[in-house]
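What follows is one structure encoded as structure tokens, with my remarks underneath.
Values quoted throughout were computed directly from the atomic coordinates according to the rules given, and no laboratory measurement underlies them. Quantities reported herein were computed from a predicted structural model and do not represent experimental measurements. We place every Cβ from the backbone using ideal geometry, glycine too, and count neighbours over all the protein chains shown.
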Amino acid sequence: MENFKEILINITYLVASFLFIFGIKRMSSPATAKNGNLISGIGMLLAIVVTLMDRHIISYELIIAGLVIGSAIGAVLAYKVQMTAMPQMVGLLNGFGGGASALVGMAEYYHVSLLGFPDDGGKFLVSVGLSLLIGAVTFTGSLIAFGKLQGIVTGKVVKIPGQNVVVILLILAIFTLIGLGISQPDNMLFFELVVGLSLLLGVLLVMPIGGADMPVAISLLNSYSGIAGSATGFVIDNNMLIIAGALVGASGIILTNIMCKAMNRSIMNVLLGGWANVADTGAGDSSAADKVVKSVDTEEAAMLFSGASKVMIVPGYGMAVSQAQHAVKELMNVLEKNGTDVRFAIHPVAGRMPGHMNILLAESNVPYDKLFPLDEINDDFKNVDISLVIGANDVVNPAARNNPQSTIYGMPILNVDYSKTVIVVKRSMNAGYAGIENDLFYMDNTLMYFGDAKDAISKLVNELKAMNS
Amino acid sequence: MEGTSLLMLIYVFVLAAFVGVELINKVPPTLHTPLMSGSNAISGITIIGSLIAAGIGETNASSIMGFVAVVFAMINVVGGYLVTDRMLRMFKKK
């Protein structure tokens with residue numbers, strides 16, 4: 001009977017692993033993605049139910065309490081969170097996953113220490129060490145990322161004196177402690193110190209990452225949470241954990257890579273603390289005094305839009321901050337009613353996580369086939385009458401193309417300056433995250449439309465409606 | 001699964017990572033946020049280890065840690081799947 005149960009459990013784990021893979025496969029198109037998520041969820045449910053039959057489980061009180069409390073918190077978070085706050089939500093969830101992996105590693109270690117370590121316990125102890133390290137780093141790193149995105153922790157680049165040296169010493173200390181823990185498994189202090197130092201390491205690794213670099217941090221922490229799961233799989237000899245963790249680890253690494261490429265920066269450059277580090281020589285000609293900025297009011301902007309036949313909207317983090325996505329959708333409706341062709345161009349790092357703009361526009365019911373990624377749309381700007389830039393800055397700065405001295409030189413940008421007219425919705429002339437001037441604002445075909453994004457777009461919509469009626 | 005060789009586990013890890021890379025590369029940028037939250041939910045699979053740790057039958061450091069791990073992992077699993085579903089419901093074609 002026990003043997004039969006064991007076989008049943010393992011077969012179900014195999015089925016669940018298959019469902020995870022199949023579920024992710026169906027994520028390759030918006031039409032099938034919802035179904036894919038459901039399939040992956042069924043895999044998870046099967047895995048949980050069948051694990052409850054495991055012969056190591058003797059009492060259910062703590063399990064049931066944990067399942068109920070965790071599910072309730074998770075459900076409330078999932079239904080309450082605003083779409084604009086999705087980056088911090090994902091950051092927080094990453095943290096819980098990593099924390100759980102570290103806790104399981106530690107619990108297993110304590111448990112096995114009571115039973116006495118086997119002679120060939122090397123593999124077990126190595127795995128425990130790694131799951132503690134990666135899990136704890138993911139936990140505090142994600143909490144800091146959450147805090148930065150939520151505005152609880154400063155979004156600026158924060159470094160302690162000798163940051164890089166301290167981090168390297170910390171990593172060396174952690175690996176030394178893991179080594180000591182393996183050679184003297186009965187002395188629990190070593191692994192306990194590994195946890196403590198790893199928690200500190202997580203904080204130090206994420207503090208130097210500034211606001212607009214968050215897409216990289218979130219992607220990387222996503223990857224860590226998967227790898228932590230895999231490490232826990234090595235601790236408890238469970239293939240399904242290893243498979244699921246590896247899938248997530250791969251997903252996070254790929255997204256991290258896409259984000260870095262979209263900023264033309266190496267992963268190390270992002271992790272070590274951002275553009276603030278780069279010696280800036282690009283500001284040489286940025287004495288704003290001798291440059292002319294042309295601005296428009298609502299009425300003039302509406303006139304321009306009513307005469308345009310092709311409009312491209314370029315959203316950025318500013319759209320999320322001012323919750324302007326619904327106003328933007330209304331603008332799209334009015335323009336389309338007028339016979340204007342409206343499309344959206346999305347830069348990979350627009351917003352605070354990969355795909356951030358896409359979910360906001362989906363929330364306001366903009367069909368996803370109107371959204372185009374950079375490489376598909378960039379050659380089209382020359383045919384566009386008006387590019388409307390909403391709360392985006394560095395990702396449309398032509399210096400990335402033209403000025404080899406600029407800190408952002410080489411970064412792929414959306415070529416809005418090639419369109420006939422550019423209208424930039426912006427609160428003020430302040431610089432973007434990279435801290436540099438944007439030449440786009442001073443170009444002959446650029447008009448600044450000052451104001452809060454939501455406010456400005458709503459006024460524009462009303463003006464257009466009044467003109468049409 | 002006692003006695004599984006380390007090499008076997010590494011095999012599984014490497015092959016799964018390879019499958020992951022192949023699959024994720026096909027996900028379009030428009031779905032990157034749901035992909036993240038959805039894969040995030042999958043990383044909550046560590047719930048399996050949490051359940052076993054919480055159910056060992058004695059109340060000690062291990063089982064308390066197991067209990068906290070179950071709570072954490074379930075937040076990750078339930079929150080991750082539900083929020084992904086909520087987002088994906090919004091994606092509409094014209």
>> With angles folded into 0 to 90 degrees, how steeply does helix A:163-183 sit against the dominant principal axis of chain A? Use alpha carbons for both and round to 10.
In response: 20
> From the backbone phi of segment A:103-111, what are the Karplus-calculated ³J(HN,Hα) couplings (6.51 cos²θ - 1.76 cosθ + 1.60, θ = phi - 60°) in whole Hz, Gly and Pro given as x?
Replying inline: 5, 5, x, 5, 4, 4, 4, 4, 4
>> Net charge within 10 Å of A:L361 by Cβ-Cβ distance, Lys/Arg positive one each and Asp/Glu negative one each, not counting A:L361 itself?
In response: +1
>> What does the net charge come to around A:V422 if you take all other residues with beta carbon closer than 11 Å to its beta carbon, with K and R at +1 and D and E at -1?
In response: -1
> Nearest 20 debye, what's the magnitude of the dipole of segment A:85-275 about its Cα centre given +1 on Lys and Arg Cβ and -1 on Asp and Glu Cβ?
Replying inline: 840
> Near the amide H of A:Y449, under 5 Å away, which other amide H atoms are found, from residues 5 or more places off or on another chain, if H is placed in the peptide plane?
Replying inline: A:V296, A:V424, A:V425, A:K426
>> Between segment A:23-56 and segment A:1-19, how far is it from one alpha carbon centroid to the other, in angstrom?
In response: 15
>> Restricting to DSSP loop positions (anything but H, G, I, E, B) with no more than 15 other Cβ atoms inside 10 Å of their own Cβ, which chymotrypsin sites (Phe, Trp or Tyr not before Pro) remain in segment A:380-447?
In response: A:Y409
>> Give me a comma-separated list of calculated 3J(HN,Hα) values for segment B:54-62, in order, Karplus coefficients 6.51, -1.76, 1.60 applied at θ = phi - 60°, integers in Hz, x for any Gly or Pro.
In response: 6, x, 5, x, 10, 9, 8, 3, 4
> Per residue and in cubic angstrom, what volume does the convex hull of the Cα atoms of segment A:379-469 have?
Replying inline: 98
> What residues from segment A:229-263 fall in the zone where the backbone N is under 16 Å from a label point 7 Å along the Cα-to-C-beta line of B:F18?
Replying inline: A:243, A:246-247, A:250
> Binned at 5 Å from 0, what are the whole-percent values of the Cα-Cα distance distribution for segment A:85-275, short to long?
Replying inline: 1, 9, 16, 19, 19, 15, 10, 6, 3, 1, 0
>> Students often get this wrong, so check it: of A:K34/B:K26; A:K148/B:K26; A:K291/A:K382, which have C-alpha atoms separated by over 20 Å?
In response: A:K148/B:K26; A:K291/A:K382
> Full extension from A:Q163 to A:D455: what is 0.36 nm times the residue separation minus their Cα-Cα distance, to one decimal in nm?
Replying inline: 100.9 nm
>> What does DSSP give for the protein assembly as shown in terms of the percent of beta bridges that are antiparallel, rounded to the nearest 5?
In response: 0
> Each label point is 7 Å from the Cα along the Cα-to-Cβ direction; what then is the distance between the points at A:N264 and A:K370, in nm?
Replying inline: 3.1
> Excluding A:L374 itself, what net charge comes from residues whose Cβ is under 12 Å from its Cβ, given Lys and Arg +1 and Asp and Glu -1?
Replying inline: -3
> Any idea which of A:G339, A:N257, A:M83 is furthest toward the positive side of the dipole for chain A, if Lys and Arg beta-carbons carry +1 and Asp and Glu beta-carbons -1?
Replying inline: A:G339
> Dividing the alpha-carbon Rg of segment A:288-468 by 2.2 N^0.38 Å yields what?
Replying inline: 0.95
>> Give me the dipole magnitude in Debye, nearest 20, for segment A:1-131 about the Cα centre, with unit charges on the beta carbon: positive for Lys and Arg, negative for Asp and Glu.
In response: 680
> To the nearest Å, what is the center-to-center distance of segment A:304-345 and segment A:140-185, using C-alpha atoms only?
Replying inline: 43
> Once phi is turned into ³J(HN,Hα) by the Karplus curve 6.51 cos²θ - 1.76 cosθ + 1.60 with θ = phi - 60°, what whole-Hz value does each residue of segment A:113-118 show in order, with x for glycine and proline?
Replying inline: 5, 5, 7, x, 6, x
> Put +1 on the Cβ of each Lys and Arg and -1 on the Cβ of each Asp and Glu in chain B; which of B:M90, B:G49, B:S37 then has its Cα farthest toward the positive end of the dipole?
Replying inline: B:M90
> Whole-Å semi-axes of the protein assembly as shown's equivalent ellipsoid, largest first, each the root of 5 times a Cα gyration tensor eigenvalue?
Replying inline: 47, 26, 18
> Cα centroids of segment A:433-459 and segment A:64-110: how far apart, whole angstrom?
Replying inline: 39
> For segment B:1-61, what is one quarter of the convex hull surface built on the Cα atoms, given in nm²?
Replying inline: 6.2
>> Between helix A:453-468 and chain A, what is the angle of the helix's C-alpha long axis to the longest principal axis, kept within 0 to 90° and rounded to the nearest 10?
In response: 40
> In terms of modelled amide H atoms, which long-range or inter-chain residues lie less than 5 Å from the amide H of A:I313?
Replying inline: A:R343, A:F344, A:A345, A:L388
> Could you give the angle, 0 to 90 degrees to the nearest 10, between helix B:6-24's Cα long axis and the longest principal axis of the Cα atoms of chain B?
Replying inline: 20
> Picking from A:T421, A:F234, B:A16, whose Cα lies most toward the positive end of the charge dipole for the protein assembly as shown (charges on Cβ: Lys, Arg +1; Asp, Glu -1)?
Replying inline: A:T421
> Given charges of +1 on the Cβ of Lys and Arg and -1 on the Cβ of Asp and Glu, with all other atoms neutral, how large is the dipole of the protein assembly as shown about its Cα centre, in debye to the nearest 20?
Replying inline: 1040
> How big, on average over all directions, is the shadow cast by the Cα convex hull of segment A:1-80, in nm²?
Replying inline: 6.4
